[in-house]
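Some notes on the structure that comes next.
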Amino acid sequence: MATQYYTASSLDGFIATPDHSLDWLFPLGDVNETSYPGFVRAVGALAMGASTYEWMLRHVVEPGTPESAAWPYRQPTWVFTHRALPPVAGADIRFVEGDVRPVHRAMRAAAGDANVWLVGGGDLVGQFHDAGLLDELIVQVASVTLGEGRPLLPRRITSPPLRLTSVQAFGSGFAELRYAVPKTA
Ligand SMILES: NC(=O)c1ccc[n+]([C@@H]2O[C@H](COP(=O)([O-])OP(=O)(O)OC[C@H]3O[C@@H](n4cnc5c(N)ncnc54)[C@H](OP(=O)(O)O)[C@@H]3O)[C@@H](O)[C@H]2O)c1
């Protein structure tokens, strides 16, 4: 029953290029040979920001194209946006904005005994952290640098620092780092 930020990141701390490309990520390994299948089975609710949702629309769902596919998550998904983004037919997607705290309460209620997955981006996860709602970071550190891009977690977390709980290699493409987020008083 944890609220987890699970993501891949470049070695220099970016989860996408400045123009939201993930082309650097997929050649590095097969997601089914990482912790992802087990991780996602234990997820009961997801949250993501508008850019991440738009990436999913462009690259996974592709509505109106011959490659069109279903939304990949059976769990309810909360999408943070100030805009009227298109929904995906047949998917449980809830568009929200503003304070993450009431949304987190609704996510927790929907997830039951399962975990809450903060998909990204980094600032949205930072908003959950600011509210004391982030429990764990699980980062697949990819064996590439990007130089610039969309940040992993644009916050200063130094005191107390994160607590490293596990390190695992997946081939030569990824080092997975898990951190617990200490609760401040
Ligand atoms: N490497 C990986 O495994 C991985 C994982 C996740 C995501 N990604 C990629 O990383 C990139 C992340 O993009 P990003 O940094 O722009 O972050 P993002 O969180 O996906 O999108 C940011 C946008 O979400 C909306 N938003 C955020 N907080 C909000 C709030 N409290 N209320 C209302 N709207 C809010 C705003 O959009 P509006 O105001 O325009 O609505 C904001 O500009 C994407 O390209 C995604 O595909 C990569």
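The values are calculated or read from the model by the stated rules, or taken from the named source; none is laboratory data. Quantities reported herein were computed from a predicted structural model and do not represent experimental measurements. With ideal geometry, Cβ positions are generated from the backbone for all residues, glycine too; neighbour counts draw on all protein chains shown. Surface areas here come from the heavy atoms of the whole protein model, side chains and all, with no ligands, DNA or RNA. Shrake-Rupley method; radii C 1.70, N 1.55, O 1.52, S 1.80 Å.
Okay, residues lined up against (1) at pLDDT 95 or above; (2) in a loop (DSSP other than H, G, I, E, B); (3) within 26 Å of SER21 (Cβ to Cβ):
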residue: PRO86; (1), (2), (3): yes, yes, yes
residue: ASP123; (1), (2), (3): yes, no, yes
residue: LEU133; (1), (2), (3): yes, yes, no
residue: VAL141; (1), (2), (3): yes, no, yes
residue: LEU153; (1), (2), (3): yes, yes, yes
residue: PRO160; (1), (2), (3): yes, yes, no
residue: THR165; (1), (2), (3): yes, no, no
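Every residue in the range 114-151 that is near the ligand (Cβ under 10 Å from one of its atoms), among the polar types (S, T, N, Q) and within 24 Å of ALA169 (Cα to Cα), please.
The one that is near the ligand (Cβ under 10 Å from one of its atoms), among the polar types (S, T, N, Q) and within 24 Å of ALA169 (Cα to Cα): GLN140.
Here are some conditions: (1) more than 13 Å from the ligand (Cβ to nearest atom); (2) of a type outside the set (Val, Ile, Thr); (3) surrounded by fewer than 17 Cβ atoms within 10 Å (Cβ to Cβ); (4) at pLDDT 95 or above. PRO63 meets all but one. Which one does it not meet?
PRO63 satisfies all of (1) more than 13 Å from the ligand (Cβ to nearest atom); (2) of a type outside the set (Val, Ile, Thr); (3) surrounded by fewer than 17 Cβ atoms within 10 Å (Cβ to Cβ); (4) at pLDDT 95 or above except (4).
Does VAL96 satisfy the criteria of being touching a residue at least 24 places away in the same chain (Cβ under 8 Å) and either out of contact with any Cys (no Cβ under 8 Å at 6 or more places or on another chain) or open to solvent by less than 20 Å² (accessible area, probe 1.4 Å) (or both)? Lay out the reasoning, then the answer.
On the way: touching a residue at least 24 places away in the same chain (Cβ under 8 Å): no; either out of contact with any Cys (no Cβ under 8 Å at 6 or more places or on another chain) or open to solvent by less than 20 Å² (accessible area, probe 1.4 Å) (or both): yes.
The answer is no for VAL96.
I'd like to check something: does the range 52-60 contain any residue that is out of contact with any helix residue (DSSP H, G or I) (no Cβ under 7 Å at 6 or more places or on another chain), among the acidic types (Asp, Glu) and either part of a loop (DSSP other than H, G, I, E, B) or touching a residue at least 40 places away in the same chain (Cβ under 8 Å) (or both)?
From the range 52-60, those out of contact with any helix residue (DSSP H, G or I) (no Cβ under 7 Å at 6 or more places or on another chain) are 52-60; that's our starting set.
Add one more test, that the residue is among the acidic types (Asp, Glu), and what stays is 54.
Pick out the ones that are also either part of a loop (DSSP other than H, G, I, E, B) or touching a residue at least 40 places away in the same chain (Cβ under 8 Å) (or both) and you get none.
No, every residue in the range 52-60 fails to be out of contact with any helix residue (DSSP H, G or I) (no Cβ under 7 Å at 6 or more places or on another chain), among the acidic types (Asp, Glu) and either part of a loop (DSSP other than H, G, I, E, B) or touching a residue at least 40 places away in the same chain (Cβ under 8 Å) (or both).
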